[in-house]
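Just below is one structure, and these are the notes that go with it.
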Amino acid sequence: MDLRFTPEQERFRGELRAWIAANLARPWDAEVRDPKHDADSLVEVRRAWQQKLHAAGYLGMGFPPEWGGRGASAIEEAILHEELYRADAPQVPNFLGISLLAPALIHHGTEAQRRRFIPRILDGSEIWCQGFSEPGAGSDLASLRTRAVPDGEDFRIHGQKVWTTFGPWADWIFVLARSDPDDRYGGISFFLVPLDQPGVEMRGIRQITGETEFGEVFFDGALAKREHVVGRPGEGWKIAMTVLGYERGASALQYPAENDRYLAGLAGGLRERDALGREDVRERLGRLHVENEVMRGNGLRVLATLATGQAPGPESSIEKIFWSEYAKRLMDTAHELLGPQALLAARSPRSRPDVDWAYQYLWSRAGTIYSGSSEVQRNIIAKRVLRMPTR
Ligand SMILES: Cc1cc2nc3c(=O)[nH]c(=O)nc-3n(C[C@H](O)[C@H](O)[C@H](O)COP(=O)(O)OP(=O)(O)OC[C@H]3O[C@@H](n4cnc5c(N)ncnc54)[C@H](O)[C@@H]3O)c2cc1C
């Protein structure tokens with residue numbers, strides 16, 4: 001395994017870094033702390049950033065050129081995410097459309113669907129959210145009960161989705177719904193549904209962080225047109241697996257880059273408290289640094305696999321479990337070492353530490369749940385990587 005980047009990849013990184021320095025007005029953290037912003041205006045900051053990235057050709061880089069991409073490699077995409085995280089750039093609002101739906105349309109959609117949806121996904125004019133989870137179907141997604149009832153050529157959707165990230169700002173939702181009640185996997189279909197129509201109600205859910213980035217969606221006869229079914233009716237499970245493969249494999253280099261910022265912030269905070277020389281503190285910081293490098297190495301290993309044309313296998317569960325559990329350990333350690341002051345560093349214009357520790361502590365809980373909880377990842381590793389017997 002070769003851990004070095006090629007000269008072309010390094011050149012790409014250099015150009016990108018210069019572009020970010022010239023185009024990013026200020027880091028996301030500064031936007032969030034600006035008292036003039038509210039939740040809606042922050043979404044507009046993110047939308048404007050998405051438009052800039054798109055105009056510069058940095059979005060959907062791995063897509064084929066006819067779909068606005070450059071046919072870039074997974075390594076270049078990973079470098080892009082690494083540099084964006086390093087600079088604390090805003091996350092684009094259409095991250096679910098770009099990273100999950102567009103690849104699903106490229107793999108399974110019709111030409112007409114790609115032409116209709118992908119350009120608007122990339123330029124941010126239509127924001128997407130993901131309607132998979134339900135109150136009774138999360139880890140066991142195939143238990144989903146939302147129904148798609150035929151109505152002439154089209155379908156009517158009835159049921160409820162929950163934990164819908166970015167739902168309150170989305171224009172469209174991609175929905176898994178049951179078109180055949182008697183076939184557990186083969187009865188699920190994949191629908192593209194506009195949210196602004198009768199029969200759809202989106203309610204915001206306030207999260208532990210205080211934000212309302214989630215929604216829950218109630219469908220009561222919402223129209224899903226036949227031309228907006230992806231794949232054939234009954235192929236939804238297969239398409240959902242494509243989507244989940246992209247969701248779990250996305251991390252490679254971005255989390256280590258983000259952690260570098262947190263570790264530097266933690267070291268800075270401890271220096272201010274004259275605690276950096278303490279042996280126990282140095283040992284715990286050193287351990288976190290080493291684990292972050294392990295994560296980077298593991299990410300590079302996944303990228304090396306992708307570079308040979310192979311898809312990421314169940315080993316990506318190891319990566320997922322590592323970065324998500326690490327984030328909790330890092331934030332727990334920061335709170336133990338910084339003490340109560342870490343809790344005072346809430347998102348307020350009056351307190352301006354390098355890292356908003358209280359917010360990041362609360363947010364770090366989420367990673368071990370979405371894209372498959374840590375328990376579910378352990379099951380996958382036991383069965384499909386270690387091939388352990390099931391009872
Ligand atoms: C930040 C965030 C964003 C999300 N965004 C979206 C989104 O945009 N769209 C969407 O559709 N969903 C989204 N989700 C939902 C997410 O996919 C589910 O929360 C997740 O799949 C777990 O499902 P659940 O919450 O129903 O928990 P459950 O499946 O009910 O699990 C409860 C507990 O039981 C454990 N458990 C379950 N099954 C097993 C098993 N077989 N073996 C061992 N332990 C088990 C779990 O690990 C967990 O601890 C999001 C979740 C979070 C936290």
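The values are calculated or read from the model by the stated rules, or taken from the named source; none is laboratory data. Everything numeric in this text was worked out from a predicted model, so none of it was measured. With ideal geometry, Cβ positions are generated from the backbone for all residues, glycine too; neighbour counts draw on all protein chains shown. To get the accessible areas, we keep the full protein, side chains included, count just its heavy atoms, and leave off ligands, DNA and RNA. Shrake-Rupley method; radii C 1.70, N 1.55, O 1.52, S 1.80 Å.
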Check: Within region 211-244, which residues are away from the ligand (no atom under 13 Å from the Cβ), in contact (Cβ under 8 Å) with a residue 60 or more places away in the chain and closer than 26 Å to A39 by Cβ?
Finding: F219, A222
Note to self: Considering only residues that are within 17 Å of A257 (Cα to Cα) and open to solvent by 50 Å² or more (accessible area, probe 1.4 Å), which ones fall in region 7-17?
What the structure shows: E10, R17
Margin query: Between a residue in region 104-129 that is under 17 Å from V193 (Cβ atoms) and among the aromatic types (F, W, Y) and any residue that is open to solvent by less than 10 Å² (accessible area, probe 1.4 Å) and assigned to a loop (DSSP other than H, G, I, E, B), which pairs come within a Cβ distance under 7 Å, given they are 6 or more apart or on different chains?
Written below: W128/N94
Next item on the list: Mind telling me which of the residues S41, S73, S125 ends up being among the hydroxyl-bearing types (S, T, Y) and closer than 26 Å to G14 by Cβ?
Entry: S73
Notebook entry, point to check: Of the residues in region 33-53, how many are farther than 17 Å from S125 by Cβ and surrounded by 15 or more Cβ atoms within 10 Å (Cβ to Cβ)?
Noted result: 2
Checklist line | Identity of the residue in region 354-379, over 19 Å from the mean Cα position of the chain (by Cα) and more than 7 Å from the ligand (Cβ to nearest atom), that ends up farthest from M331 (Cα to Cα) | finding: R378
Item checked: Condition met for S143 (within 16 Å of the ligand (Cβ to nearest atom) and either surrounded by fewer than 17 Cβ atoms within 10 Å (Cβ to Cβ) or within 20 Å of S41 (Cα to Cα) (or both)) -> yes
Next item on the list: Quick one: which helices (runs of 4 or more DSSP H) lie wholly within region 1-60 and hold at least 1 residues that are modelled with pLDDT of 95 or more and among the acidic types (D, E)?
Entry: 7-23, 39-55
Notebook entry, point to check: If P64 satisfies every condition in (1) more than 16 Å from the ligand (Cβ to nearest atom); (2) at pLDDT 95 or above but one, which is the exception?
Noted result: (2)
Notebook entry, point to check: What about G245, is it touching a helix residue (DSSP H, G or I) at 6+ places or on another chain (Cβ under 9 Å), closer than 30 Å to V162 by Cβ and modelled with pLDDT of 95 or more?
Noted result: no
Margin query: Give all pairs with beta carbons closer than 8 Å in which a residue from region 1-30 that is closer than 17 Å to L59 by Cβ meets a residue that is basic (K, R) and open to solvent by 50 Å² or more (accessible area, probe 1.4 Å); count only pairs at least 6 apart in sequence or on separate chains.
Written below: N23/K52
Margin query: What's the total number of residues in region 151-206 that are touching a helix residue (DSSP H, G or I) at 6+ places or on another chain (Cβ under 7 Å), among the aromatic types (F, W, Y) and on the phi < 0 side of the Ramachandran plot?
Written below: 5
Check: What residue, of D171, D154, is touching a Leu at 6+ places or on another chain (Cβ under 9 Å), more than 16 Å from the ligand (Cβ to nearest atom) and open to solvent by 10 Å² or more (accessible area, probe 1.4 Å)?
Finding: D154
Next item on the list: Sort out for me the helices (runs of 4 or more DSSP H) sitting completely within region 205-321 that have 3 or more residues that are hydrophobic (A, V, I, L, M, F, W, C) and over 17 Å from the mean Cα position of the chain (by Cα).
Entry: 254-272, 279-307
Margin query: Go through region 375-391 and report how many residues are buried (at least 16 other Cβ atoms within 10 Å of the Cβ) and in contact with a helix residue (DSSP H, G or I) (Cβ under 7 Å, 6 or more places away or on another chain).
Written below: 3
Checklist line | Selection count, region 67-115, where residues are among the aliphatic types (A, V, I, L, M), within 16 Å of the ligand (Cβ to nearest atom) and in a helix (DSSP H, G or I) | finding: 6
